Each structure stands twice: as structure tokens, then as C-alpha cells.
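Trainee: So that we are looking at the same thing, I have put the structure below in C-alpha cells.
Just so it is clear, none of the values below were taken in a lab; they were calculated from the coordinates. Model, not experiment: these values are computed from the prediction. A quick note on method: Cβ atoms are made from the backbone with ideal geometry, for glycine too, and the neighbour counts reach across all protein chains shown.
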Amino acid sequence: MARGETRHQGIETSVNYALEGLNPALAGYDVYATYAFVDATIREDGPNKGNRVPFSSKHKGTMGVSYTEGPWKLNLDSSFQSDQFADNANTAAQSADGSTGKIPGYMLFSTRANYDFGPQLSDLNVAVGMKNIFNRQYYTRSFDDNNRGKYVGEPRTVYVQTSVAF
């Protein structure tokens, strides 16, 4: 679906703070957050001028805390995004095929633990984690393709990951 002229403008910010600065007993703890505001609008003349661009959330961000002790690193974080529309008309009511309607925003929580074996083992890093800890049901955007509509987001997922540097 061609949209014609659109405008995307906004602001992004991030912060990372080592809590050791507040109290030496908190050495190894960091807190972090990111935020993005995007105003994406349809600029082309017509009935949808000024509407939000489909599949564009106005607000997105992350928040989290990490703890590092030697080769270990533990993370607990969250990510969120605000609602979005599935069509140029910004139709609020959802259609049966999902091609129109408001897609609700959501917030997800994840955790991860990893161990870095260091240069003696080619910087082998092994991690285990869980995405969507609370198994929240949410929907992700579809793109303008033949499938149309929304996709169910990833359920609670446990994973193991390894990496090496060379």
C-alpha cells in the first residue's frame, strides 16, 4: 500500500548509571533506560492527511538493571511500545482479518545471565535467558504484505546462547 509523503520526527535519549556512585556497596550494579518519541504522520493531501503512519508507535523504550561480578553478568530488563494503527485511516475498530484496527501497546520483561570465559578460551561467552517472563500475550505489527493483519507476539521463551571472538 503506497502512502505517499510522510514525516517522521522525534527524539531519542538514553541513560546508564553505575550505582556505585551512590554507595560503594552497590558496586557492580548499573541501571539503564532508553526512550524514543516518534511523531510519524501522513503528509500527502487526502482524507488521511495528518493521521499517524500505520505500524508506528509514538513511544518506545527500555528500562533495566544489570549486575556484574567478575566473569558473570546478570540482567533484568523491560521493553515497551505504545499502541499503533494497522491502516492509513487510523481505524480504531478491529476488522476480522486484522487489516484495520488499533494494535495495543505492551510491556515485556526479560532476564539473562552470562559467563565470559575470557581470552584463554577465545572469549567464549555462554548465556541463558528468558524473554517475556510473564508470558504476556501481545500483538506485533504486520507490514504491508499479502498476509495483512497482526501477528501474535513471541510467548515466554527460554534460550541458551554462545559466542566466541576470533
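Trainee: Calculate the length of the line joining the C-alpha centroid of segment 3-24 to that of segment 28-86, in whole Å.
Mentor: The distance from the Cα centre of segment 3-24 to that of segment 28-86 comes to 9 Å.
Trainee: Considering the values (1) 17.0; (2) 15.7; (3) 18.7, which represents Kirkwood radius over Cα pairs in Å as calculated for the structure under consideration?
Mentor: Of the listed options (1) 17.0; (2) 15.7; (3) 18.7, (3) comes from this structure.
Trainee: Students often check this: by mean Cβ neighbours within 10 Å, which of 58-68, 121-131 ranks highest, and how do the rest follow? The partial results should precede the final answer.
Mentor: Numbers: 58-68: 16.4, 121-131: 14.4.
Order by mean packing, descending: 58-68, 121-131.
Trainee: Right, something else. In a shell of Cβ-Cβ distance under 15 Å around T68, excluding T68 itself, what net charge do Lys and Arg (+1) and Asp and Glu (-1) give? Don't skip to the answer; put the middle values down first.
Mentor: Values: positive: K73, R112; negative: E20, D30, E69, D77, D116.
So the environment of T68 carries a net charge of -3.
Trainee: In 10 Å bins starting at zero, report the fraction of Cα pairs in segment 27-95 per bin as a rounded %.
Mentor: Over segment 27-95, the share of Cα pairs per 10 Å bin runs 18, 31, 21, 16, 11, 3 percent.
Trainee: Further, regarding this structure: Efficiency by 1/(1 + (r/R0)^6): what FRET value for R156 and K49, r their Cβ-Cβ distance, R0 = 41 Å, to the nearest 0.05?
Mentor: Numbers: r = 42 Å, r/R0 = 1.01.
Once rounded, the FRET efficiency stands at 0.50.
Trainee: Give me the one-decimal nm value for the distance between modelled label points at L19 and F117, 7 Å along each residue's Cα-to-Cβ direction.
Mentor: 3.1 nm
Trainee: Please enumerate, by chain and number, the lysines with C-alpha under 19 Å from the C-alpha of K73, excluding those fewer than 8 residues away in the same chain.
Mentor: Straight-distance partners of K73: K131.
Trainee: Could you sort the peptides 151-159, 93-101 by per-residue average Cβ neighbour count (10 Å cutoff), highest mean leading?
Mentor: On the way: 151-159: 11.3, 93-101: 14.3.
Per-residue Cβ counts within 10 Å, averaged per peptide and sorted highest first, yield 93-101, 151-159.
Trainee: Give the calculated FRET efficiency between S78 and Q9 to the nearest 0.05, with a Förster radius of 22 Å applied to their Cβ-Cβ distance. Don't jump to the answer; show the numbers that get you there.
Mentor: Working: r = 26 Å, r/R0 = 1.18.
That gives a FRET efficiency of 0.25.
Trainee: Still on this structure, please answer the following. If I take every Cα pair under 8 Å that is 6 or more residues apart in the chain, average their sequence separation and divide by the length, what percent do I get for the relative contact order?
Mentor: On the way: 408 pairs, mean separation 25.3, N = 166.
Relative CO of the chain lands at 15 percent.
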